[in-house]
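Right, one structure below, let's go through it.
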Amino acid sequence: MKKYYLNRGDENLGPFSLEDLREHRIAPETMVWFIGLEGWTPARNVRELHPLFESIPGHELTSSQGVEKYYISKMEKESFFLKHIDKFLYLFLFALAMGIIMFLLGLNL
């Protein structure tokens, strides 16, 4: 499987699979490299990458803010609990309240 690398100014990111690159939302100007290329080249010059940026115009991983957004979104996808913590807390509080009510009703009977 081919592994791709992205260049962001003075920082190289990778290796990434083709599927991983979909999450990065690369643009035609994004500099890429993989084994077999002589050097860094714009993604527009790599035919197999065209579908990645043709469907998402104007998005590119070029700034530190873009990298931060990528890793934050990746963390959110990986952590179901953190993504839904508010729902877990509501469920816990509801169950606790119901337990207290049932306990108090049991004492009155």
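Could you check, for region 75-86, whether at least one of its residues is open to solvent by less than 50 Å² (accessible area, probe 1.4 Å), at pLDDT below 85 and not in a helix (DSSP H, G or I)?
Yes, region 75-86 contains at least one residue that is open to solvent by less than 50 Å² (accessible area, probe 1.4 Å), at pLDDT below 85 and not in a helix (DSSP H, G or I).
Of the residues Ser17, Ser63, Ser55, which is exposed (fewer than 13 other Cβ atoms within 10 Å of the Cβ), modelled with pLDDT of 90 or more and within 19 Å of the chain's Cα centre (by Cα)?
Ser17
Can Glu23 be described as outside any loop (DSSP other than H, G, I, E, B), in contact with a Phe, Trp or Tyr (Cβ under 9 Å, 6 or more places away or on another chain) and at pLDDT below 90?
yes
The values are calculated or read from the model by the stated rules, or taken from the named source; none is laboratory data. As the structure is a computational prediction, the values presented were derived from the model and not from experiment. Because the Cβ atoms are built from the backbone with ideal geometry, glycine has one as well, and the counts that use them run over all protein chains shown. Accessible surface areas use protein heavy atoms only, side chains included; no ligands, DNA or RNA. Shrake-Rupley method; radii C 1.70, N 1.55, O 1.52, S 1.80 Å.
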